[in-house]
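K.L.:
Next up is a structure, given as structure tokens.
Values in this text are rule-based calculations from the coordinates and carry no lab data. This structure is a prediction, so every number in the text was calculated from the model and none was measured. Here the Cβ positions follow ideal geometry from the backbone for every residue, glycine too, while neighbour counts run over all protein chains shown.
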Amino acid sequence: MLEVSQLKKHFGALKVIDGVNLSVARGEALGILGPNGAGKSTLFNLISGNLSPTAGTIRLNGEDITRASPWTRVRGGIGRTFQIPHPFVHLSVFENVLVSATQASGRGIAVARPEVNRILDLCQLSHRSRTLAGDLPLLDLKRLELAKALGTSPRLLLLDEIAGGLTNSECVALLAILETIKSEGVTIVWIEHIVHALIKVATRLVVLAEGNLIANGTPETVMADAKVRDLYLGVEA
Amino acid sequence: MTSGFVIFGRLALAAGLICLCIAPFAFTPAVLVLLTQALSMLSLAMLWNLVAGYGNVMVIGQHAFVGIGAYAFYGFAMLAGLHMAVALPAAMAVTLAFGSMVYAMLYRLRTAYLAVGSWVVAETLMLVASRLPGFGGGSGASLPANLLRTFGARVPERLSTIYIMVLAVAVLTFVLIWALMRSRIGLGLAALRDNEEGAAVAGVNTRLVRAACFILAAPMVGLVGVLVTLQEGRISPVASFSMLDWTIYVLFIVVIGGLGSLEGPIIGTLVFFLLRELLQDYGTLYLITLGAISILIVLFAPTGLWGLARRKLGRDLIPLTHDPKTGGAS
């Protein structure tokens with residue numbers, strides 16, 4: 001579904017992404033691990049079109065989208081969340097999701113309304129639907145970030161540290177939502193530091209360090225990899 | 001209590017509109033002139049708020065389109081001899097064309113670069129206007145008495161006719177912006193106002209909506225330029241392209257009222273004209289006071305007076321929101 005080839009992003013002399021190759025199959029749930037500054041969020045920004053790459057190509061369902069705008073990619077089926085939530089603070093929770101449910105698809109407001117209510121139910125935000133997004137606590141902001149991404153009806157969902165800052169019980173609730181999304185056939189790529197949560201959803205893991213992929217395989221294989229344990233987990237091989 | 005204030009606010013808005021509708025029959029010519037000026041500024045403030053507050057296109061060259069509208073109208077009505085009913089839409093069409101060209105030049109610029117770039121374009125156009133043959137050069141030209149008489153044989157009649165036109169344009173501007181903001185496109189604009197990066201990944205074509213705001217506001221600004229020309233009875237580069245009158249004061253109105261809200265320009269216009277009437281005899285002190293108020297508002301209430309009030313009230317006076325259940329405005 002997604003093919004990233006020789007992708008590079010340099011900011012002057014700083015090589016944040018330096019020749020990453022990555023494929024994601026339809027229906028797969030891929031986890032991305034890596035220390036802070038490894039280039040994980042930059043990789044997402046390149047895939048979603050928020051940044052332009054220095055070199056390399058990105059293909060979605062065989063189509064080259066390397067230079068496409070973010071909104072064109074959304075129409076192509078890419079939805080994403082940000083590590084730091086990007087709510088529309090002066091709009092209500094309902095309207096936040098209504099934005100994503102109407103803009104990408106071109107649906108009218110009245111037509112999109114039932115779908116927005118379904119997504120709010122799924123993300124356990126129905127009771128907050130009239131609350132201004134600027135007034136939400138962190139957990140609900142994270143849920144809203146997910147709900148907004150789901151509003152675009154994504155076939156490929158990019159999740160950037162969606163579980164960061166959540167308590168154990170909140171994390172369990174989030175995992176249940178992600179399992180539902182996965183069961184609907186949505187392909188998931190999830191950047192996360194909370195490994196125990198990630199491996200409950202991910203069927204494959206890759207590890208990014210200093211702009212390069214250093215490991216790729218099943219969660220068991222990757223977590224047992226000596227280089228990963230040394231570089232990322234800080235466990236000597 | 002809160003909903004009581006909202007009801008009171010809505011009643012005050014309705015009462016204000018009724019007063020404006022009966023003004024030609026109820027007020028002296030001097031008050032009518034003041035109201036005409038205030039409504040012209042309100043239209044400009046609502047349009048600049050649409051472009052800068054919602055569209056995130058921070059231009060400070062809006063005065064260019066006031067001047068283009070004025071000069072195009074003069075050219076069509078006086079030099080080409082076209083009837084008013086033709087000259088007016090033709091002037092709007094010229095402003096639309098200029099708006100498209102200026103946006104094509106400036107659309108890659110952002111923030112301070114866009115502000116300065118739009119200012120430079122406006123000043124250049126003013127210099128061009130001062131050299132146009134047939135438009136009176138640097139000192140400008142007056143509209144002939146026979147043209148002004150088409151709005152009324154006597155001055156009070158003329159003032160009433162122009163006032164009604166200005167009121168109609170202000171109401172039309174308000175209704176168009178309200179309808180736009182209630183639509184799917186307006187929802188995208190509200191998202192763009194709050195978070196441009198987030199709006200783009202929610203599917204908002206930010207490039208298109210920013211362009212649409214700028215280009216579609218231009219002919220309406222040009223129309224206000226025509227009406228200002230009719231009020232003044234003349235065109236001149238300095239007055240028609242006045243940055244202070246058509247951009248700086250407008251910016252003051254929107255900033256103190258509340259950028260990115262429908263209520264902000266209305267409140268800002270009221271405050272601006274109140275201050276002007278109270279302080280205009282104090283010369284530069286008046287301008288210093290306006291500047292000081294702007295700085296205080298930006299520092300301590302960046303969402304403007306309406307932003308402060310809205311936080312207390314919890315809802316808008318002019319409903320734009322989409323309700324989860326009913327679909328109506330709440």
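K.L.:
If you build a Gaussian network model of chain A, linking Cα atoms that sit under 10 Å apart, which residue out of A:17, A:177, A:191 swings the most?
P.N.:
Residue with maximal mean-square fluctuation among A:17, A:177, A:191: A:177.
K.L.:
Can you give me the long-range amide H partners of residue B:58? Hydrogens built in the peptide plane at 1.01 Å from N, cutoff under 5 Å, separation of 5 or more residues or another chain.
P.N.:
Sorted by chain and number, the residues that satisfy this are B:111.
K.L.:
For each of B:300, A:88, B:151, count neighbouring Cβ atoms within 10 Å of the residue's Cβ, then give the residues from fewest to most.
P.N.:
Exposure proxy ranking, most exposed first: B:300, B:151, A:88.
K.L.:
So what is the calculated 222 nm ellipticity per residue for chain B, using -39500 (n - 2.57) for each DSSP H run with n of 4 or more, over all residues, to the nearest 500 deg cm²/dmol?
P.N.:
That calculation yields -23000 deg cm²/dmol at 222 nm.
K.L.:
Hey, another quick one. Using 0.36 nm per residue of separation minus the Cα-Cα distance, give me the extension gain between residue A:15 and residue A:64 in nm, one decimal.
P.N.:
15.3 nm
K.L.:
Tabulate in residue order the Karplus-calculated ³J(HN,Hα) for the range A:64-76, using 6.51 cos²θ - 1.76 cosθ + 1.60 with θ = phi - 60°, rounded to whole Hz; enter x for Gly and Pro.
P.N.:
6, 10, 3, 9, 6, 6, x, 6, 5, 5, 4, 5, x
K.L.:
Then there is this: Run the helix sum for chain A: -39,500 (n - 2.57) per DSSP H stretch of 4+ residues, divided by residue count, reported at 222 nm to the nearest 500 deg cm²/dmol.
P.N.:
-11000 deg cm²/dmol
K.L.:
Another question, then. With labels modelled as points extended 7 Å from the Cα through the Cβ direction, what inter-label distance (nm, one decimal) is found for residue B:11 paired with residue A:6?
P.N.:
So the label points at residue B:11 and residue A:6 sit 7.3 nm apart.
K.L.:
Hey, what angle do you get for helix A:168-183 against the long axis of chain A, alpha-carbon based, 0 to 90 degrees rounded to 10?
P.N.:
90
K.L.:
Treat the count of other C-beta atoms within 10 Å as a stand-in for reagent exposure and order B:316, B:281 from fewest to most.
P.N.:
In increasing order of surrounding Cβ atoms, one gets B:281, B:316.
K.L.:
Still on this structure, please answer the following. Give the cross-link partners of residue A:182 among the lysines, using a straight C-alpha distance below 21 Å as the criterion and excluding same-chain residues fewer than 8 apart.
P.N.:
A:142, A:148, A:200
K.L.:
I would also like to ask the following. Longest exposed-loop-site-free stretch of chain B, with trypsin sites (Lys or Arg not before Pro), DSSP loop and at most 10 other Cβ within 10 Å?
P.N.:
Details: sites that count: B:108, B:131, B:154.
No qualifying site falls inside B:155-330, the longest such stretch.
K.L.:
Treating the beta-carbon of each Lys and Arg as +1 and of each Asp and Glu as -1, no other charges, what is the dipole magnitude of the range A:85-153 about its Cα centre, to the nearest 20 debye?
P.N.:
100
K.L.:
Then there is this: Whole-Hz ³J(HN,Hα) for each residue in the range B:318-323, computed from phi via Karplus 6.51 cos²θ - 1.76 cosθ + 1.60 with θ = phi - 60°, x for glycine and proline: what do you get?
P.N.:
Once θ is set to phi - 60°, the couplings for the range B:318-323 become 9, x, 10, 6, 9, 7 Hz.
K.L.:
Count charges around residue B:107 for me, please; just the other residues with Cβ under 9 Å from its Cβ, Lys/Arg as +1, Asp/Glu as -1. Display every interim value, and only then the final one.
P.N.:
Details: positive: B:108, B:207, B:210; negative: none.
Surrounding charge for residue B:107 is +3.
K.L.:
May I pose another question? Taking springs between alpha-carbon atoms closer than 10 angstrom, which of B:54, B:282, B:71 fluctuates most in the Gaussian network model of chain B?
P.N.:
B:282
K.L.:
How high is the relative contact order of the range B:2-313, in percent, counting Cα pairs under 8 Å that sit 6 or more residues apart?
P.N.:
Taking the mean separation of contacting Cα pairs over the length of the range B:2-313, I get 31 percent.
K.L.:
If I require 18 Å or longer along the helix axis, counting alpha carbons, and a Kyte-Doolittle average no lower than 0.5, what helices from chain B are left? Use full DSSP H segments. The partial results should precede the final answer.
P.N.:
On the way: long enough: B:2-26 (35 Å, 1.86); B:29-48 (28 Å, 1.79); B:84-106 (32 Å, 1.83); B:111-129 (27 Å, 1.53); B:155-182 (40 Å, 1.68); B:206-232 (38 Å, 1.45); B:263-279 (24 Å, 1.36); B:284-300 (24 Å, 2.46).
Helices meeting the span and hydropathy rule in chain B are B:2-26, B:29-48, B:84-106, B:111-129, B:155-182, B:206-232, B:263-279, B:284-300.
K.L.:
May I ask for the distance between the Cα centers of the range B:239-257 and the range A:128-160, given as a whole number of Å?
P.N.:
The two parts, judged by their Cα centres, are 39 Å apart.
K.L.:
If each residue of separation counts as 0.36 nm, what is the full-extension length gain between residue B:110 and residue B:34 once their alpha-carbon separation is subtracted? Mind showing how you got there, number by number?
P.N.:
Details: separation 76, 0.36 × 76 = 27.36 nm, distance 3.58 nm.
Gain on extension, residue B:110 to residue B:34, equals 23.8 nm.
K.L.:
Here's something else I'd like to know. Could you work out, residue by residue across B:317-323, how many beta carbons of other chains sit within 10 Å of that residue's beta carbon, and then give the average as an integer?
P.N.:
Average per residue, whole number: 4.
K.L.:
Further question on the same structure: Between residue B:311 and residue B:150, what is the spin-label point distance in nm, taking each point 7 Å from the Cα along the Cα→C-beta axis?
P.N.:
Going by the 7 Å Cα→Cβ label model, 5.1 nm.
K.L.:
Using θ = phi - 60° and the Karplus form 6.51 cos²θ - 1.76 cosθ + 1.60, what ³J(HN,Hα) does each residue of the range A:153-165 get, whole Hz, x for Gly and Pro?
P.N.:
Karplus values, whole Hz, x for Gly and Pro: 6, x, 9, 10, 10, 9, 10, 9, 6, 5, 9, x, x.
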